[in-house]
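The values are calculated or read from the model by the stated rules, or taken from the named source; none is laboratory data. Quantities reported herein were computed from a predicted structural model and do not represent experimental measurements. Positions of Cβ are generated from backbone atoms using ideal geometry, with glycine treated the same way; all protein chains shown enter the neighbour counts.
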Amino acid sequence: MIVLFTDFGAADPYVGQMKAVLHRAVPGTPVVDGLNDAPDFGIQPAAHLLAALAPQYPSGSLFLAVVDPGVGGPREAIVVDADGRRFVGPDNGLLSVVWQRAGRRRCRRIVWRPASMSVSFHGRDLFAPVAAALAGGKPPARWFTPLRKPAVLIDAADLAQIIYVDHYGNAMTGMRAANIPRGARLRVGNRTVSRAETFSATRPGTVFWYANSIGLAEIAANQASAARKLGLRVGSRVGVPGR
């Protein structure tokens, strides 16, 4: 299985072009849209979101992960193996939270380059062919060189920010719910919100936080948009009062 994780958006042509490369190279291999509206240019929030989403996929899954505002610049391209899953993408910090939290891990630089590669679409021209080659078998060893670790490592500790807002207006944080005391309130701007087990435990319109389905603390509102009510967006700060 190849899982796409990008900030390309579902309405634009870029995801389709990557899928065309994959289907041409490895026909029959399932290609799953994990997320194609990761935060635009948001390497840090996307890295935490990828780390939370990846364990939901079977061991052996290969992630084609591209949030790459530095495309065409000096950043390198890498393959990361982490706890039975494989990740192909830019060495800009996007894969670094997955790397740092893994118990079993390996990192390689991609040194192969296609005969023709655009300066602005390495997702299609570099990362997709490498992902296809890895999914289809064993690509030539000369395509890679070993690395001790990714060159760019961002902080892998819980991120006290909003990292994703879905179309309902629910706002995921980069904080793992298991690391927050069960009775704690979350501070959001100049307000605090209490925890609820789920939406139906609150009255319509009530803002609360809960442990979402991928283990993150999420700020939500019952049948309403928490993001609109609280003015939340990706990068908004959150925290636990007194910590």
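Here are some notes:
- Taken together, the residues in the range 149-183 that are crowded, with 17+ Cβ neighbours inside 10 Å, over 27 Å from GLY9 (Cα atoms) and of a type in the set (S, T, N, Q) amount to 0.
- Only one entry of THR202, THR173 meets the criterion of being over 17 Å from the mean Cα position of the chain (by Cα) and not assigned by TED's automatic domain parsing to the domain that holds ILE78, and that entry is THR202.
- Neighbours by Cβ (under 7 Å, 6+ apart or cross-chain): first from the range 92-109, aromatic (Phe, Trp, Tyr); second not in a loop (DSSP other than H, G, I, E, B): TRP99/VAL80; TRP99/ALA82; TRP99/ARG105; TRP99/CYS107
- Unmet requirement for ARG237, which otherwise passes all of (1) under 27 Å from VAL98 (Cβ atoms); (2) modelled with pLDDT of 95 or more; (3) surrounded by 14 or more Cβ atoms within 10 Å (Cβ to Cβ): (3)
- Looking across the range 205-225 at every residue that is outside any loop (DSSP other than H, G, I, E, B), small (Gly, Ala, Ser) and farther than 27 Å from ALA54 by Cβ, the one that is farthest from the chain's Cα centre (by Cα) is identified as ALA224.
- Residue match in the range 38-45 (condition: within 26 Å of GLY84 (Cβ to Cβ) and among the acidic types (Asp, Glu)): no
- Residue that is of a type in the set (Phe, Trp, Tyr) and surrounded by 18 or more Cβ atoms within 10 Å (Cβ to Cβ), where the choices are TRP143, TRP209: TRP209
- Of all residues making up the range 105-114, the number that are assigned to a strand (DSSP E or B), out of contact with any helix residue (DSSP H, G or I) (no Cβ under 6 Å at 6 or more places or on another chain) and either of a type in the set (Val, Ile, Thr) or surrounded by 18 or more Cβ atoms within 10 Å (Cβ to Cβ) (or both): 1
Quick grid of which residues meet (1) part of a helix (DSSP H, G or I); (2) buried (at least 19 other Cβ atoms within 10 Å of the Cβ); (3) assigned by TED's automatic domain parsing to the domain that holds ASN36:
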residue: LEU53; (1), (2), (3): yes, yes, yes
residue: ALA65; (1), (2), (3): no, yes, yes
residue: PRO69; (1), (2), (3): no, no, yes
residue: ASP81; (1), (2), (3): no, no, yes
residue: GLY89; (1), (2), (3): no, yes, yes
residue: GLY93; (1), (2), (3): no, yes, yes
residue: VAL98; (1), (2), (3): yes, yes, yes
residue: GLY103; (1), (2), (3): no, no, yes
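- Residue in the range 55-62 that is assigned to a helix (DSSP H, G or I) and over 16 Å from VAL152 (Cβ atoms) present: yes
- Residues in the range 216-224 include at least one that is in contact with a Ser or Thr (Cβ under 6 Å, 6 or more places away or on another chain) and surrounded by fewer than 18 Cβ atoms within 10 Å (Cβ to Cβ).
- Meets criteria (outside any helix (DSSP H, G or I), assigned by TED's automatic domain parsing to the domain that holds ALA132, without any contact (Cβ under 8 Å) to a residue 60 or more places away in the chain and under 22 Å from SER120 (Cα atoms)) for ALA38: no
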